[in-house]
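Coordinate-derived values only; no laboratory data. Please read all numbers here as calculations on a predicted model, not as lab measurements. Note that each Cβ is placed from the backbone with ideal geometry, even for glycine, and that neighbours are counted across all protein chains shown.
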């Protein structure tokens, strides 16, 4: 899949159309006796976020969403409730149902969206917080029973937690819009892949599209500059101990820094520049065709400055040369000479001992095993040579990781 149309994504960052209204803001809560009706809205206590009705650009459909409050420029929609079931007119309402769930209704009283949790109490209160989180609380102690941060749309906010469980397969995912005028679930999703060493993935219809490289303790080692970036260094990835890994950010929500998964599969950083009074865009992935998952296949090397962009590593040749000649590189490359391990197992002549070539700016593969306490790089090398399934080793520190496949 080419990235030509991805370049227009900056212009399609899902901004509110002028049909958003500023009528009757009613505090920061929604109750049975105090619903919000189009075009009403609620505003968080510190007036940082607003929850109300909007229509996307070039659309007359109405949705309930959350966006930043008190911003002079057009502001992106951060979360959408009824994203797959729009309201055809301005008769919509967000209220509480008989079972105390939060619901979006059309003019005919049909439920278009529900928080859909088992609450156990007849009474509950919905509140929009100054973190941009819509929370539903129930019971005499106000226990949290549901929150929009657990069902995000396409935008990651500070204080949000993206979790994934390696045992159950359950994930909290960002889901892209279908297009700039259609917030229904699109082709791209993003979140933590907890298998092996955890990393951040973008998937296209469930298939890997981009990956961050493994988490190295302070940063994702496949993202150049993340360790020193002013914006990207606020993340942490925690092992919860039950197979769950959680990605979170400690940045102050007042900074108004968000990450958006666009309908074209770009994961973009955007932040509000208080001096310029406008949105700035500093970072995005994928940034080149070489960032696309598996672009050059196994043992292929990608350089976006070269033509063709894919070549085989030293000691390897294209697996299917006819496909490579056509610019189809996903089948990758194969070895010219078998490794010593394979030669011994096959009973052929042992020949020369295996060695390594050093490669830089290479992403560690998804099936990497993490060895936290090697005494030296030589120990890593020796362990890899003793293991017939090991094809490369990487030594990680504050700087990007180096390593290479044995030859």
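Straightening the chain between residue 289 and residue 240 buys 14.2 nm, computed as 0.36 nm per residue apart minus the Cα-Cα spacing. Per residue, the convex hull spanned by the Cα atoms of segment 108-155 measures out at 108 cubic angstrom. When the Cα centres of segment 330-354 and segment 155-220 are compared, how far apart do they sit, in Å? Measuring centre to centre over Cα atoms gives 37 Å. Available extension along the chain between residue 360 and residue 307 is 17.1 nm, counting 0.36 nm per residue and deducting the alpha carbon span. Extension gain for the segment residue 281 to residue 382, taken as residue separation times 0.36 nm less the Cα-Cα distance, is 31.9 nm to one decimal.
Rg over Rh for the chain works out to 1.05, both radii taken from alpha-carbon positions and Rh defined as the Kirkwood radius. Projected over every direction and averaged, the convex hull enclosing the alpha-carbon atoms of segment 39-109 yields 5.5 nm². Treating r as the C-beta distance of residue 108 and residue 352 and R0 as 56 Å, the FRET efficiency rounds to 0.10. Using Cα atoms only, what is the angle between the long axis of helix 377-386 and the major principal axis of the chain, expressed in degrees (0 to 90) to the nearest 10? Once rounded, one gets 70 degrees.
What does the highest-first list of 64-72, 147-155 look like by mean Cβ count within 10 Å?
Ranked from most to least packed, the peptides come out as 147-155, 64-72.
Only alpha carbons enter this Debye calculation for segment 250-389, each as an equal point scatterer, and the log10 of I(q)/I(0) it gives at q = 0.11, 0.12, 0.17, 0.20 Å⁻¹ is -0.67, -0.75, -1.09, -1.25. Per-residue ellipticity at 222 nm computed for the chain from its helices equals -1500 deg cm²/dmol, with DSSP H segments shorter than 4 residues left out and the rest contributing -39,500 (n - 2.57).
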